[in-house]
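These notes are about the structure you will find just below.
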Amino acid sequence: DGGYNVLDIVVLANCVLANNCGGRVDDASHSKLMIDDGIVSIEADGFIGGVQMTLSHGSDFSIEMTNNSLFADYLTSENETRLLVINPNGNNLFAFSGDFHIQDIIVANTQYQISVDLPISRGFAIIDAYPNPFNPLTNIILTLPYSAEVKVEIHDILGKLVQSLASGYME
């Protein structure tokens, strides 16, 4: 297609290793990225040939790639890291410390880019309510890095639901 990315590497690796350029019967069609306790992992409904990501982060960010793949490496330039994991043998992609945001991600089976659900537990923010204390009104600013199902509720100090402000899909 005139550009190089993880799809090109995965197709070539599959042709060489499997002696088959036509794909696999168990190719994944959907995947889900998870971030938990300093580990980024991926699950899918079949075979994942490779993952390519671009991360933005601060200077305190560090990364350690999985040892359980055909190839896994990264390149950091200032506050941006690009990484590749080819033929991961397991779910874990890399361990990290520090904060980061996913700028771009491509997940591929042996032939095609597949959809990936990004985690909803990282990257959102609720700015402090103001004025605080408030009576009877306040402003709450909620930001999301991508569209998602959202529920915003106000609870009292004992955890009792006072009011549901929003519930549903948000851009």
What are the residue pairs meeting all of these: first residue in the stretch 40-57, first residue within 14 Å of residue 106 (Cα to Cα), second residue open to solvent by 10 Å² or more (accessible area, probe 1.4 Å) and hydroxyl-bearing (Ser, Thr, Tyr), Cβ atoms under 6 Å, and 6 or more apart or on different chains? none
Do we find that residue 53 is out of contact with any helix residue (DSSP H, G or I) (no Cβ under 8 Å at 6 or more places or on another chain), modelled with pLDDT of 95 or more and within 22 Å of residue 147 (Cα to Cα) in this structure? yes
Has the stretch 57-73 got at least one residue that is assigned to a strand (DSSP E or B), of a type in the set (A, V, I, L, M, F, W, C), modelled with pLDDT under 90 and open to solvent by less than 40 Å² (accessible area, probe 1.4 Å)? no
Tell me which residues, restricted to the stretch 74-91, are in contact (Cβ under 8 Å) with a residue 12 or more places away in the chain, part of a strand (DSSP E or B) and surrounded by fewer than 19 Cβ atoms within 10 Å (Cβ to Cβ). 74, 76, 80, 82
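Return the residues of the stretch 42-55 that are part of a strand (DSSP E or B) and open to solvent by 30 Å² or more (accessible area, probe 1.4 Å); say none if nothing qualifies.
Those that are part of a strand (DSSP E or B) and open to solvent by 30 Å² or more (accessible area, probe 1.4 Å): 43, 44, 47.
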Considering residues of the stretch 12-41 that are in a helix (DSSP H, G or I) and open to solvent by less than 100 Å² (accessible area, probe 1.4 Å) only, the residue farthest from residue 97 (Cα to Cα): 15
Qualifying residue in the stretch 93-102 (condition: surrounded by fewer than 20 Cβ atoms within 10 Å (Cβ to Cβ), among the hydroxyl-bearing types (Ser, Thr, Tyr) and touching a Phe, Trp or Tyr at 6+ places or on another chain (Cβ under 9 Å)): yes
Residues of the stretch 105-151 being at pLDDT 80 or above and not hydrophobic (A, V, I, L, M, F, W, C), in sequence order, are 109, 110, 111, 112, 113, 115, 117, 149, 151
Residue set 94, 71; condition under 16 Å from residue 35 (Cβ atoms) and of a type in the set (Phe, Trp, Tyr); output residue 94
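The values are calculated or read from the model by the stated rules, or taken from the named source; none is laboratory data. The shown structure was predicted, so the numbers you read here are calculated from the model rather than taken from an experiment. Here the Cβ is made from the backbone with ideal geometry for all residues, glycine too, and neighbour counts use every protein chain on show. Please note that ligands, DNA and RNA were not included when accessible areas were found on the heavy atoms of the full protein model with its side chains. Shrake-Rupley method; radii C 1.70, N 1.55, O 1.52, S 1.80 Å.
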